[in-house]
């Protein structure tokens with residue numbers, strides 16, 4: 001793998017904030033649709049479906065673009081930790097599921113990159129990925 005510059009904590013944090021901003025309307029729309037169908041309440045199944053749809057949107061961005069709009073806007077992308085190329089879908093799914101593992105112990109898995117020599121969060125480690133800087137932000 002050619003040497004690529006790893007993305008830092010603040011760039012990744014701001015990318016996540018951007019992603020929360022554009023994903024929030026999608027989540028609100030899905031919740032409103034679920035409540036309309038269920039007579040004003042959101043069932044557990046509807047909530048699960050909303051989370052699955054949101055996850056699929058994120059995975060599609062990762063697969064097709066190498067990152068979500070927040071990452072792309074700040075000039076970073078997700079790569080395979082061994083080859084530096086685009087990770088396969090299975091690894092991206094593991095990475096996405098790893099968000100839960102990163103979040104459970106008070107977000108420690110997200111902050112882990114501050115101590116890790118490869119700047120990997122726990123979900124990066126689970127998916128065998130790195131987040132690297134691109135030549136320039138899009």
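The values are calculated or read from the model by the stated rules, or taken from the named source; none is laboratory data. None of these values were measured; they are calculated from a predicted model. All Cβ positions, glycine included, derive from the backbone under ideal geometry; neighbour counts span all protein chains shown.
For residues in the stretch 75-115 being part of a helix (DSSP H, G or I) and in contact with a strand residue (DSSP E or B) (Cβ under 7 Å, 6 or more places away or on another chain), which is surrounded by the fewest Cβ atoms within 10 Å (Cβ to Cβ)?
91
With the condition kept exactly as written, say whether any residue in the stretch 45-54 is crowded, with 18+ Cβ neighbours inside 10 Å and at pLDDT below 95.
The answer is yes; a qualifying residue exists.
I'd like to verify a number: residues in the stretch 62-72 that are out of contact with any helix residue (DSSP H, G or I) (no Cβ under 7 Å at 6 or more places or on another chain) and buried (at least 16 other Cβ atoms within 10 Å of the Cβ), how many?
1
Find the residue count for the stretch 1-49, including only residues that are part of a loop (DSSP other than H, G, I, E, B), closer than 18 Å to residue 68 by Cβ and free of Cβ contacts under 8 Å to residues at least 12 places away in the same chain. Steps first, please.
Let us first name the residues in the stretch 1-49 that are part of a loop (DSSP other than H, G, I, E, B), namely 1-5, 7-8, 38-43.
Now restrict to residues that are closer than 18 Å to residue 68 by Cβ: 7-8.
Filter once more, so that each one left must be free of Cβ contacts under 8 Å to residues at least 12 places away in the same chain: none.
Number of matching residues: 0.
Condition (residue is in contact with a strand residue (DSSP E or B) (Cβ under 7 Å, 6 or more places away or on another chain), surrounded by 17 or more Cβ atoms within 10 Å (Cβ to Cβ) and either at pLDDT 95 or above or on the phi > 0 side of the Ramachandran plot (or both)) applied to the stretch 19-27: is it met by at least one residue?
no
For the stretch 116-128, what are the residues that are in contact with a helix residue (DSSP H, G or I) (Cβ under 9 Å, 6 or more places away or on another chain) and in a loop (DSSP other than H, G, I, E, B)? If you could, list the steps in order and put the result at the bottom.
The first filter runs over the stretch 116-128 and keeps only residues in contact with a helix residue (DSSP H, G or I) (Cβ under 9 Å, 6 or more places away or on another chain), leaving 116, 118-128.
If the condition is that a residue be in contact with a helix residue (DSSP H, G or I) (Cβ under 9 Å, 6 or more places away or on another chain) and in a loop (DSSP other than H, G, I, E, B), then 116, 118, 119, 120, 121, 128 are the ones that fit.
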